[in-house]
1. Using 26 Å as the Cα-Cα cut-off, could you pick out the over-long pairs in LYS44/LYS265; LYS111/LYS310; LYS126/LYS186; LYS68/LYS186?
2. Can you compute 3J(HN,Hα) from phi for each residue in the range 18-35, using the Karplus curve 6.51 cos²θ - 1.76 cosθ + 1.60 with θ = phi - 60°, rounded to whole Hz and x for Gly and Pro?
3. Can you give me the relative contact order of the range 16-257 as a percent, contacts being Cα pairs under 8 Å and 6 or more apart?
4. Share of antiparallel DSSP beta bridges in the chain, in percent to the nearest 5?
5. Given a Förster radius of 51 Å and the C-beta distance between ALA132 and ARG42 as r, what FRET efficiency does 1/(1 + (r/R0)^6) yield to the nearest 0.05?
6. Over all directions, how big on average is the projection of the convex hull of the alpha-carbon atoms in the chain, in square nanometres?
7. Need the full-extension length gain, ILE4 to THR77, defined as separation in residues times 0.36 nm minus the C-alpha distance. One decimal, nm.
8. Grab the Cα-Cα distance for LYS32 and GLU210, subtract it from 0.36 nm times how many residues apart they are, and report the gain in nm with one decimal.
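What follows is calculated from the coordinates using simple rules that are stated; it is not laboratory data. Quick caveat, the model's predicted, so the values are computed rather than measured. Ideal geometry is used to build each Cβ from the backbone, glycine not excepted, and the neighbour counts take in all protein chains shown.
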Amino acid sequence: MNRIFNFSAGPCTLPVPALEEAHAEFLDYEGKGMSLIEMSHRSKEYDAVHMEAMDLVRRLYGLPDNYKIMFLGGGATMQFAMIPMNLMPSGGSCDLTLTGAWAKKAYADAKKLGTVNLAYDGSDEKFMNLPAIADLKVTPGTAYFHMTSNETIGGVQWSDFPDTGDVPLVCDMSSDFVSRRIPVEKFGLIYAGAQKNAGPAGTSIVIIREDLLERSSDQLPAYLSYATHAPKDSMYNTPPVFPIYMVMKTLSWLEKQGGLEAAEKMAGQRSSLIYGAMTDNPDFYSCPVNASCRSKMNIVFRLPSEDLEKKFVAEALAEGMSGLKGHRSVGGCRASVYNAMPVEGAQALADFMAAFAKANG
Ligand SMILES: *Cc1c(COP(=O)(O)O)cnc(C)c1O
């Protein structure tokens, strides 16, 4: 086996034990003579996988009983639409923190369905900064308050969350889902595309406080209503069985590592190694993001020239490190270091960064 260190932003590296188990079980699941993905989604074998995947989300976050978990299609992107459709009354409003490329997409969809008040607009600072939590103002009576906990492209991450009182806090956690402990009771709804920390592409995970289900109008088409999916544990229609199975394997691996506490510790180690390599060579590497809000999941950095950035990405690949090119919209370099990236991978990148700066500085 010749696995390289994959720093891709998503889909991304997954835990080897999860991949190996899926491989071993693929043709003949538990002696049934067929693959799990060939079975009815109503079979008892699939049902056990589905319910365990949900229970893992609940156990990892320590979710109280009044939160429901859903596995839906359409990625996190569909939630940009489903959230306002379900939670915002017709002619209503919500608050949103505009913190980067992903928040912009959530903003664009919500604006089509109601009024969006910007509780923070980071565009003047090119989305390289975040405000203090205490400076966020919640509009009284608004439908919900939307945040993006980690901006995957810009590399900024909130380290704390506001108390929004009666206004439900809604958060896109796509790129830092299950990577740290969070005060779950503060949230009304949490959502994440699975493909950045929790499994492969193909399902999104939505956690909703049960009382919010009452807001979904009967006029919504069935699939677009949370009130359809939540009471049926996402078995209203055929769920994305293979992605959910891989989420179960991935989260089960995480639980064996020590859960969110271990995830948080490893994220701290990986990110310190890579940011440390920049601080050690300050004339060569620069991080555009304000030091107070640098992401522990998506680490963005610049080299002295675009030519050197190209060379860096190519030489890193030759050394067994892929996916280091920055997002096409911002350029530069980016190392995505999700849960399944071994700390040794971050160490290998930090070592390479030091050697590359020495050879080219
Ligand atoms: C990737 C990503 C999305 C979009 O996810 P899809 O599953 O591709 O729709 C949304 N928000 C954030 C923060 C992301 O990183």
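1. Long pairs (Cα-Cα over 26 Å): LYS44/LYS265; LYS111/LYS310; LYS126/LYS186.
2. Those phi angles translate into 5, 5, 5, 4, 4, 4, 5, 8, 4, 7, 9, 7, 6, x, 8, x, 7, 6 Hz.
3. Over the range 16-257, the number comes to 26 percent.
4. Around 55 percent of the beta bridges assigned by DSSP in the chain are antiparallel ones.
5. The pair ALA132/ARG42 has a calculated efficiency of 0.55.
6. Convex hull of Cα atoms, orientation-averaged projection: 18.2 nm².
7. Additional length available on full extension: 23.4 nm.
8. Length gained, LYS32 through GLU210: 60.4 nm.
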